[in-house]
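Here the structure comes first, spelled out in structure tokens, and everything after it is commentary.
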Amino acid sequence: MSAVVSPIRDPLITGHKDYHQITEDICAPSERTPSAAWVTAFLIAVGALSVGIFCILWTIWFGIGTWNLNRTIGWGWDITNFVWWIGIGHAGTLISAILLLFRQKWRTGVNRAAEAMTIFAVLCAALFPGIHVGRMWVVFYFFPYPNTRGPLWVNFNSPLLWDLFAISTYFTVSLLFWYTGLVPDFATLRDRASGVRKKFYNFLSFGWTGAAKHWQRFESLSLVLAGICAPLVLSVHTIVSFDFATSVIPGWHTTIFPPYFVAGAIFSGFAMVLTLMIITRKILNLQDYITVEHIDSMNKVILLTGSIVGVAYISELVIAWYSGYIYEQFAFANRVQGVYWWSYFGMMTCNVLSPQIFWFRKFRRNIALTFFMSIFINIGMWFERFVIIPTTLARDYLPSSWSYYVPTWVEVGIFVGTLGIFFTLYLIFCRVAPVVAIAEVKAILKSSGDQYAGQNATGDHTSHDSHSHEEETLVH
Amino acid sequence: MSAHREILFGLYDDETDLLTAVKEANTRHLDIDNVYSPFPVHGLDPILGLKESRLHQAGFIYGAIGTLTAFLFMTWVFTRDWPIIFGGKPYWSVPAFIPITFELTVLFASIGMVITYYAVNGGGPGVTNPVLDDRITDDKFCISFDAGHASTEEVGKFQQFLTETGASEIRTKII
């Protein structure tokens, strides 16, 4: 990044902040008593979580028969929800890793919350492969360890096992990356706190002092972690798509699946980031750090990935027709006008048609509309996974085994439970940790604060001289 | 830090002041003990004489260990320990090993690097390192000198330097 900031680029930090004001603003939510809104939201989330726990225990106690899966449709809401959650998790790593490599400064306002969202979404996703196997008490058979069964090893050639490795690696690496970034900010909270809170943040801040050598290693570590997270995030949803693509089911057995799944994951992830950030910035009073400029940028990503997904849907149809392969043709005709036509219709409307309004700058910068659209896209992406999974299975090769599937209350309850887990963890995160990366925002203040950049800049531009060394390192 | 050390330090209000001061300290040949800041200050490392971190080299080695672990383990399982034919493919079906090999490479590299990072930084869960001033993690930039091991004359030079380069506060602390 050059020292010169384009005057037409909008500032990313508004309100003429100085370093101390940034600390005050971002630390404030975790330093005051929880508001009534937070307590209410937390109770609702914990309520949903309890419903989920009850339904999971019900599943374990009475068996997988409490779900409506049958011999034809072996994957229903469980795997639909699994893929949906894992997709939502992708935006965090995209923002923190890929946008860091592309030097997008707007990531600093939203990366912390998006990474937190990634971790919580992956946790929700990981729940489903664990319980859908039915006999949960032998689920440790997944892991390759020397055992008394031979030792009989797991099948390393199976995409389902690759998935286990991909998701556990993704979870671990995201957690490490996120926590490494949190440590300096926990130190800020520690140095402002007293009493028990000081002890608590002292434990979390890992003895951070802010020494120059430590910052140098911090940047080196962030850069390498970003570099290896970038292919990792692409690999995870690729491998999730292999679960389907390596099978012999028409409609699943396609080479388009990996890029199409990855684009869809980023699409749904950004939608969830927008849903959460629009509420968070309002309630925690962070409008100066998560600005309309940030929302505009995220809406551009939504438009791009939504259009990629749209092209993928249409390619699937065209290739099915062009292949001349009747089973493939039937599979896609069934998706569009079969028993589950309404889910295909929902998917197309929510994912392909509606995001096209973001071609207009006015709509991209409309917060209420963006919020509405983000919910819409979340629903659409859930439909996409539903279209791929039960719709395809419901009409397989033999008409005698054709079937229909609606979930039981247990399956719906588990899905509600994962929403509960997700929001409970997110609400705790908002209370305990700084929702915006304090140190990273301070580092871009002199290039993106509204007193230095944009049309209303009043600041001293000569101070940019100090940034002339920025080319030496990629971070920030 | 084992023994107690007497630290003389100055706090600056802006990173530009800090950078000018560090350059000035170099021309005066003053031995800076450490520099602290609330965020990474660019351009500081070369003038402080900090060598590039070798953390990424360590990361490469950890990653390579991960690659070998995954690939050799799967090879051993499927060619020596318990060969099974899956889908009519050879025992040693290399393309099918790629996803897990990749994942373990990333996993080993990141876990190894993060552990190394905290080990060399002297940090970890619950570790308490001495903090010179609570505002260093907020909005102050700090240059510190080891006053305990310096002669009175040198300490005078340090103090004069901090005053002349515009430190807003100058204090001494035993850590």
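The values are calculated or read from the model by the stated rules, or taken from the named source; none is laboratory data. The structure displayed is predicted, hence computed values, not measured ones. Cβ: placed from backbone, ideal geometry, glycine included. Neighbour counts: every protein chain shown.
Consider A:Gly251 carefully, then state whether it is more than 11 Å from every other protein chain (Cβ to nearest Cβ) and either modelled with pLDDT of 90 or more or in a helix (DSSP H, G or I) (or both).
No.
Within the stretch A:181-192, work out how many residues are in contact (Cβ under 8 Å) with a residue 24 or more places away in the chain and closer than 14 Å to A:Ile26 by Cα.
7
Among the residues of the stretch B:50-66, what is the count of those that are in a helix (DSSP H, G or I) and either more than 7 Å from chain A (Cβ to nearest Cβ) or modelled with pLDDT of 95 or more (or both)?
9
Answer yes if at least one residue in the stretch A:173-191 is surrounded by 20 or more Cβ atoms within 10 Å (Cβ to Cβ) and within 30 Å of A:Gly413 (Cβ to Cβ), and no otherwise.
Yes: the stretch A:173-191 contains one or more residues that are surrounded by 20 or more Cβ atoms within 10 Å (Cβ to Cβ) and within 30 Å of A:Gly413 (Cβ to Cβ).
Could you please find all residues in the stretch A:381-430 being of a type in the set (Val, Ile, Thr) and assigned to a loop (DSSP other than H, G, I, E, B)? Before you say what the answer is, go through the steps one by one.
So in the stretch A:381-430, the residues of a type in the set (Val, Ile, Thr) come out as A:387-389, A:391-392, A:406, A:408, A:410, A:412, A:414, A:416, A:418, A:421, A:424, A:428.
Across the stretch A:381-430, the qualifying residues are A:Val406, A:Thr408.
Out of (1) within 20 Å of A:Phe171 (Cβ to Cβ); (2) over 37 Å from the mean Cα position of the chain (by Cα); (3) among the aliphatic types (A, V, I, L, M), the odd one out for B:Ala96 is which?
All conditions are met except number (1).
Scanning the stretch A:185-201 for residues that are among the hydroxyl-bearing types (Ser, Thr, Tyr) and assigned to a helix (DSSP H, G or I), which turns out nearest to the other protein chains (Cβ to nearest Cβ)?
Within the stretch A:185-201, the match that is nearest to the other protein chains (Cβ to nearest Cβ) is A:Thr188.
Would you point out which residue out of B:Leu30, B:Leu18 is touching a residue at least 12 places away in the same chain (Cβ under 8 Å), of a type in the set (A, V, I, L, M) and in contact with a strand residue (DSSP E or B) (Cβ under 6 Å, 6 or more places away or on another chain)?
Step by step, each of B:Leu30, B:Leu18 is checked, and only B:Leu18 is touching a residue at least 12 places away in the same chain (Cβ under 8 Å), of a type in the set (A, V, I, L, M) and in contact with a strand residue (DSSP E or B) (Cβ under 6 Å, 6 or more places away or on another chain).
Within the bounds of the stretch A:454-468, is there any residue that is within 14 Å of chain B (Cβ to nearest Cβ), in contact with a Gly (Cβ under 6 Å, 6 or more places away or on another chain), modelled with pLDDT under 90 and surrounded by fewer than 23 Cβ atoms within 10 Å (Cβ to Cβ)?
First, pick out the residues of the stretch A:454-468 that are within 14 Å of chain B (Cβ to nearest Cβ): A:459-468.
Narrowing the set further to residues that are in contact with a Gly (Cβ under 6 Å, 6 or more places away or on another chain) leaves none.
Checking the stretch A:454-468: not a single residue is within 14 Å of chain B (Cβ to nearest Cβ), in contact with a Gly (Cβ under 6 Å, 6 or more places away or on another chain), modelled with pLDDT under 90 and surrounded by fewer than 23 Cβ atoms within 10 Å (Cβ to Cβ).
Failed condition for A:Thr23, given (1) over 27 Å from A:Ala121 (Cα atoms); (2) not in a helix (DSSP H, G or I), with all others met?
Exception for A:Thr23: condition (2).
One line per residue, one yes/no per condition, for (1) assigned to a helix (DSSP H, G or I); (2) touching a Lys or Arg at 6+ places or on another chain (Cβ under 7 Å); (3) facing chain A (nearest Cβ under 7 Å):
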{"residue": "B:Leu68", "(1), (2), (3)": "yes, no, no"}
{"residue": "B:Trp76", "(1), (2), (3)": "yes, no, no"}
{"residue": "B:Trp92", "(1), (2), (3)": "no, no, no"}
{"residue": "B:Phe102", "(1), (2), (3)": "yes, no, yes"}
{"residue": "B:Ser110", "(1), (2), (3)": "yes, no, yes"}
{"residue": "B:Ile115", "(1), (2), (3)": "yes, no, no"}
{"residue": "B:Val127", "(1), (2), (3)": "no, no, yes"}
{"residue": "B:Arg135", "(1), (2), (3)": "yes, no, no"}
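Just name the residue that is farthest from B:Phe60 (Cα to Cα) out of those in the stretch A:219-237 that are free of Cβ contacts under 8 Å to residues at least 60 places away in the same chain and more than 7 Å from every other protein chain (Cβ to nearest Cβ).
That would be A:Leu234.
When you look at A:Gly207, is it crowded, with 20+ Cβ neighbours inside 10 Å and free of Cβ contacts under 8 Å to residues at least 40 places away in the same chain, yes or no?
yes
With A:Ser307, A:Ser268, A:Ser315, A:Ser297 as the choices, which residue is loosely packed, with under 15 Cβ neighbours inside 10 Å, assigned to a helix (DSSP H, G or I) and in contact (Cβ under 8 Å) with a residue 40 or more places away in the chain? Show your work before the answer.
On the way: A:Ser307 fails: loosely packed, with under 15 Cβ neighbours inside 10 Å; A:Ser268 fails: loosely packed, with under 15 Cβ neighbours inside 10 Å; A:Ser297 fails: loosely packed, with under 15 Cβ neighbours inside 10 Å.
Unique residue meeting the criteria: A:Ser315.
Exactly one condition in (1) within 18 Å of A:Asn366 (Cα to Cα); (2) within 20 Å of the chain's Cα centre (by Cα) is false for A:Gln287; which is it?
(2)
If I go through the stretch B:1-34 residue by residue, how many of them are within 12 Å of chain A (Cβ to nearest Cβ) and over 28 Å from A:Asp18 (Cβ atoms)?
Count: 1.
If the requirement is being surrounded by fewer than 23 Cβ atoms within 10 Å (Cβ to Cβ), in contact (Cβ under 8 Å) with a residue 12 or more places away in the chain, under 19 Å from A:Val236 (Cβ atoms) and within 14 Å of chain B (Cβ to nearest Cβ), which of these qualifies: A:Leu127, A:Leu161, A:Leu100?
Checking each option against the conditions leaves just A:Leu161.
Any idea how many residues of the stretch B:78-88 are assigned to a loop (DSSP other than H, G, I, E, B) and either surrounded by 20 or more Cβ atoms within 10 Å (Cβ to Cβ) or more than 7 Å from every other protein chain (Cβ to nearest Cβ) (or both)?
The total comes to 5.
Tell me which of these A:Trp252 doesn't satisfy, since it passes every other one: (1) over 21 Å from B:Gly112 (Cβ atoms); (2) surrounded by 21 or more Cβ atoms within 10 Å (Cβ to Cβ).
That leaves (2) as the condition not met.
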